[in-house]
Amino acid sequence: WQTVASYARGTDFNNNQFYSKTVTLSKSQYAFPSNMKVRFMCDASSDGDDVYIDEIKLSAK
């Protein structure tokens, strides 16, 4: 797996607010195999942590 973007609460976002972010990957920077996968991860270091990811759009040209 390659990390292409990461966000930290208090630095990149705050709780209870909606944010719109765009991450663009170009074929000049990354190799895209036919079995490519996309993964979202959360370091929920507390049992009460929740993260909501909404309105995701993936497209290819």
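Brief remarks follow.
- Dipole of the chain [Lys/Arg +1, Asp/Glu -1 at C-beta], most positive-end residue of Ser34, Leu58, Val4: Ser34
- Given (1) 39, 21, 7; (2) 24, 22, 9; (3) 26, 14, 11, the label whose value is semi-axes √(5λ) of the Cα gyration tensor in Å derived from this model: (3)
- In this simple spin-label model, placing a label point 7 Å from the Cα along the Cα-to-Cβ direction at both Tyr52 and Val38 gives a separation of 2.0 nm.
Just so you know, all these numbers are worked out from the coordinates, no wet-lab data involved. All values derive from a computational prediction rather than experimental measurement. FYI the Cβ positions are ideal-geometry reconstructions off the backbone, even for glycines, and counts take in every protein chain you see.
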